[in-house]
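Bear in mind these aren't lab numbers, they're just calculated from the coordinates by the rules spelled out. All values derive from a computational prediction rather than experimental measurement. Here the Cβ positions follow ideal geometry from the backbone for every residue, glycine too, while neighbour counts run over all protein chains shown.
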Amino acid sequence: MGNNTELLAASGAETAAQIAAGEVSAAEVLDFWLARAAGDGLNGYLWQADRDSALSGVADSGGPLAGAPIAIKDIFCTEGVPTTAASKILSGYVPPYTATAVGHLRAAGMPMLGKTNMDEFAMGSSNENSAFGACLNPWDTGRVPGGSSGGSAAVVAGGLAPWSLGTDTGGSIRQPAGFCGIVGLKPTYGAISRFGMIAFASSLDQCGPLTRDVTDAALLLAALQGRDEMDSTSVGIEGGIEAPSAERLDGLTFGVPRDLMREGIEAGVLARFEDTLIRIAELGGEIVDIELPHAEHAISAYYVLAPAEASTNLSRYDGVRYGLRASDEDLLSMYEVTREEGFGPEVKRRIMLGTYALSSGYYDAYYGGAQRVRTRIVEDFQDAFGQVDFVVTPTSPTVAFELGEKTADPWSMYLSDIFTVPISLAGVPAISIPAGLAEPEGGGPELPVGFQIAAPAFAEQKLLEAAHALEGAIGFDGSAALEGGLA
Amino acid sequence: MIEREQVLHVARLSRLRLSEEEIDTLTGELSSVLDHVDKLAEVDIEGVEPTSHVVPLENVLRDDEPRPSLDRDVALSQAPDAHDGAFRVPSPQAEA
Amino acid sequence: MSTEYEAVIGLEIHVQLSTKTKMFCGCELSFGDDANVHTCPVCLALPGVLPAPNRTAFEYALKIGAALDCELSSFNSFDRKNYFYPDNPKAYQITQAVNPFAVNGKLGEVRIHHAHLEEDAAKTIHTGGAGRIQGSDASLVDFNRGGTPLVEIVTEPDLHSGAQVREWGQLLRATIKQLGVSDVNMEEGSLRCDANVSIRPAGSSELGTKTEMKNMNSFRFIERGIDAEIARQKALVEAGEPVVQETLHFDPSTGELHSLRSKEEAHDYRYLPEPDLVPVVPTQAMLDEARNSLPELPAARAARYEEIGVSEQAALLLSFETDWAEYFEGVLAAKKGVDPRVAANWVTGELSAELRKQDEQPLAETKVEPAALATLIGLVAEKKISHGAGKTVLEEMVASGADPETVVADKGLEQISDSGELEKIVIQAIEDNPKPSEQVRSGNEKAIGALVGAVMKATQGRADGGEVNRLLRQHLGL
């Protein structure tokens, strides 16, 4: 056991099981993955561990995940390890503490392989907003991996890490997971501590796993979830999470919000979505049309709420205590020049948008209004979950698009999250699983399509069971991309 | 729509010293985004409470027990300009 | 005929709570330590941190709300107040802008608009340019203070003069001190007071343009500063010039007011609900605890003392200082029948003066037990010793802790009770002092003082003043 092909093919859970069974040593596994990561041809990593740093702080837990290395989105603070949120303003910043979520993984015995690329401060849907260069999609390096957790998705899909940790504010785990043909889980808001996760939009940010399969997602969620006294908004998941085992969907109902899916969806994406509905029916599940009457306004509400929160969350980058200081001329210049030079265009756009939405005279129309529309969307999901067990949509209206395709038109980029954002506003959990491959609208090789399943708040176990059953029926094989990550 | 003057005002509030080119670009981009966002006004929100939180929590309070602080060297280690055990910053502009 | 003007003053008082740790992190509170030794990722606003609110700070706040006779809110939330300044590390302060913990209260004659909980800013020291903002080349920021729990009390504009502000401020300080929730030390900044001052023609109900006076560090300076500002505004208005809304600093060393106007545009704080915190909904138990744990507060205590006959001045003095009030009550409890008014005067007068005279002894360290003072007061009341002798005894008691009766016996201070003996001394005094005696006989009654003094000297203060007076008048034929 332990040859490279087998190590590459193994899921996170399989790797950990092999270590636990003594079939391969944790050191061999680590060396293998460090070597893979060192061959990063996707710009997926912003920082890579050496052997010593990978092992530092890692508990010899003997637990179910011990020895299985993981890649961490560079938005999580890691003591002694550079943490930049892919922003020039934090270039070279080394935090003195570690995020609670990362601490849980270390306590479970998981070495950190490296910090992954992302859109600056998690603002973006393509990973093109990184101050340290775009990350590439291992299925087609001319295309984006999605974002903002683009690096975390690309390194898993491209065989540069067995699994990874990402964050999702409006779709930043699910959309890149969909674009890269892997599983991405956004838990219920409050399931996992946000402490040490660099804030984008505090009322929406939630971290979660990006994995080869649903079982891996469940195992990581089990290790990550929990109430944290450092995060007042954390709740944890009552009863914890177990590895899913369901193979059927009998008696479960799946609601499809057809009104939301009327336009802008690629034919290939729609075809894989409809195929998946058939799989659900074959497994005994029932498909029901539902309405989410206010979901069409979700993107608008989101692009008020998230930038508004972001504008205040990002005010701390001021050149006083850490990070870039670009001017010492006088106090105002220190602020203005530092922030002008330190932030990229999308971040500035959102700071401006958010500041405007909160400014005197506009609050009620924008922020207050968007909060009320959010209430409507929350109610829509409550109504829906009164009728069905799950809400399903394509994860994104398109497959991975080409680098540069949407950068000129912010709103077209924002629409890429049309199916993920309503769920974020409702705060409920959702998973994206690969539903197969489809040809992009403009032609070319086939690319992965994501299928999104959303469940009521804190119903992660039920969600994972359903996703596990469906995953088995779909039988997606992502191995074609596994060598795509190497330069 | 957003006017150039408003963009300048918001940039000042945001502490961003935008270039002329950025001001022009942002005036266009923000106007376009706001045109979409303005559709929010179509939603009937009469009598609807705003949502700030989706978590069903209240009274999350911490016991008043001290925790260790950072060593000062660590606290200052990332400072662009540490001086005399403190964070040094330039002074406000003298009044013209 | 010139118009009479009335000043209208509202106060914003910041009270640092004396919890063990900061409002949103576990760093210990401190004063006077080396810079930046009480900081952590949270209070330095490092990337990724979240606030964790201090339960005790909330409980202390509720006590203040209860003591100010406020309605305690059933729903508390926090907001972000956004502004850039180096002492504000997140560039927003977490405060209660919309749902404060207490509203609609009253202390004495002044209504409380509301009181809210927030976090203190860090300390900025301007270097160069003599420590002033203008002309200094750099500032040093110390985050030890940053994040200290702060209660801001906002009054209605119910005050009308510097003296009234001082008196009310002292009542507020005494009240909060009694609660044990703050050091309320103005020099150390644990109590800070801003005043909004405007004037209007007497009898008018409109408010004039107000100026804000910031951060004055003693109530005496506040009184002087406010009076200076009222005078300045009157002079402006009488000269037909407008009062400009601005922030002022009063320099107590020169008595001058300086404008703190900055070039910065008007503030737009862009408040938003703090998404990192959940609401605080005080339980009935928390509310009961806040109300039931209140000690007797100074205003109530002063009223009670006045009811039992204590003079207003002594009642206030005793009520503002818990240890003095406790001492006073110890005196009353030690001896039945002691007159509260007399006892209060001994405590706030003679005892206080003697302690001051003898090395500024604090009351807490005095050797004079309340019971011993009660005994002394009894000796004077029963005319066993004169009032003057009583003071002599007290001097010895403060110095050595001696028992008053022993001091009286040792020094032979018993009042001369034999009126025959006293009469002889009186006659002798008249003979020895012919000049004042003659003056008294010819109608200048004030001259009798010299004769009383002579008798007292001869008796070493052991004579009863009333009796001496009576005998002198008798022998001088009045």
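Quick notes on this one:
- Relative contact order of chain B, pairs being alpha-carbon contacts under 8 Å that are 6 or more residues apart, as %: 19 percent
- Along the axis of the charge dipole computed for chain A (Cβ charges of +1 for Lys and Arg, -1 for Asp and Glu, origin at the Cα centre), the listed residues A:301, A:12, A:158 are led at the positive end by A:301.
- A Stokes-Einstein calculation at 4 °C with viscosity 1.567 mPa s, built on the Kirkwood radius of chain B over Cα pairs, returns a diffusion coefficient of 66 µm²/s.
- Mean separation of Cα contacts under 8 Å, 6 or more apart, over the residue count of the range A:298-368: relative contact order %: 41 percent
- Per-residue average of Cβ from other chains inside 10 Å of A:364-374: 6
- In Hz, Karplus ³J(HN,Hα) per residue of the range C:398-403 (6.51, -1.76, 1.60; θ = phi - 60°; x = Gly, Pro): 5, 6, 10, x, 5, 6
- Remark: the Cα gyration tensor places chain C in the prolate category, a/c being 1.5 or greater and a/b exceeding b/c.
- What you get for the range C:5-290, charging only the Cβ of Lys and Arg (+1) and of Asp and Glu (-1), is a dipole of about 160 debye around the Cα centre.
- Label separation (residue C:287 vs residue A:282): 6.1 nm, computed from points 7 Å beyond Cα along the C-beta direction.
- Sorted peptide list for C:242-251, C:345-354, criterion being average Cβ within 10 angstrom, highest first: C:345-354, C:242-251
- Antiparallel bridge percentage (DSSP; both residues within the range C:5-290; nearest 5): 95 percent
- Global form of the range A:254-293, assessed from the alpha-carbon gyration tensor, a/c cut-off 1.5: oblate
- Calculated FRET value between residue A:259 and residue C:206, using beta carbons and R₀ = 41 Å, to 0.05: 0.15
- Scattering profile of chain A at q = 0.08, 0.10 Å⁻¹ [log10 I(q)/I(0), Debye over alpha-carbon scatterers]: -0.42, -0.67
- Spread of Cα-to-Cα distances over 10 Å intervals beginning at zero, given as percent, for the range A:280-389: 14, 29, 23, 17, 11, 5, 1
- Taking 7 Å steps out from each Cα toward its Cβ at residue A:35 and residue C:251 produces label points 7.5 nm apart.
- Förster radius 45 Å - calculated FRET efficiency between residue A:364 and residue C:341, Cβ distance, rounded to 0.05: 0.15
- The Cα-based radius of gyration of the range B:1-42, divided by its Kirkwood radius, gives an Rg/Rh of 1.03.
- Separation of the residue A:50 and residue C:239 label points, Cα + 7 Å toward Cβ, nm: 7.3 nm
- With contributions of -39500 (n - 2.57) from each DSSP H run of at least four residues, the per-residue ellipticity at 222 nm computed over chain C stands at -11500 deg cm²/dmol.
- Simple point charges give the picture: +1 on the Cβ of Lys and Arg, -1 on the Cβ of Asp and Glu, and for chain C a dipole about the Cα centre of about 300 debye.
- Ranked by how many other beta carbons lie within 10 Å on average, peptides A:257-269, C:20-32, C:324-336 from highest: C:20-32, C:324-336, A:257-269
- Share, in percent, of DSSP beta bridges within chain A that are antiparallel, nearest 5: 70 percent
- For the range C:322-334, Karplus couplings with θ = phi - 60° (6.51, -1.76, 1.60), whole Hz, Gly/Pro x: 3, 5, 5, 5, 5, 4, 4, 5, x, 5, 4, 6, 6
- Only helices enter this figure: runs of n ≥ 4 DSSP H residues, each worth -39500 (n - 2.57), summed and divided by the residues of chain A, yield -10500 deg cm²/dmol at 222 nm to the nearest 500.
- Selection among C:245, C:231, C:115 by position relative to the dipole of the range C:5-290 gives C:115 as farthest towards the positive end (Cβ unit charges, Cα centre).
- Computed about the Cα centre, the dipole magnitude for the range C:70-177 is approximately 160 debye when only Lys and Arg (+1) and Asp and Glu (-1) carry charge, each at its Cβ.
- Average other protein chain Cβ within 10 Å of Cβ, residues A:419-429: 1
- Length-normalised contact order of the range C:90-188 in % [C-alpha pairs under 8 Å, at least 6 apart]: 23 percent
- Close amide-amide hydrogen proximity is noted between residue A:93 and A:83, each under 5 Å apart and 5 or more residues distant or on a separate chain (H modeled in the peptide plane; Pro and chain starts excluded).
- Cα gyration tensor shape for the range C:5-290, rounded if a/c is under 1.5, else prolate or oblate: oblate
- The mean number of Cβ atoms from other chains found within 10 Å of a Cβ in peptide C:26-38 is 4, as a whole number.
- Phi angles of the range A:472-479 translate, via the Karplus equation with coefficients 6.51, -1.76, 1.60 and θ = phi - 60°, into HN-Hα couplings of x, 6, 6, x, 5, 10, x, 5 Hz per residue; Gly and Pro are given as x.
- Once the chain from residue C:473 to residue C:307 is taken as fully extended at 0.36 nm per residue, the excess over their C-alpha distance is 56.0 nm.
- Under a 5 Å amide H cut-off, with hydrogens placed 1.01 Å from N, residue A:147 pairs with A:126, A:127 among residues at least 5 apart or on other chains.
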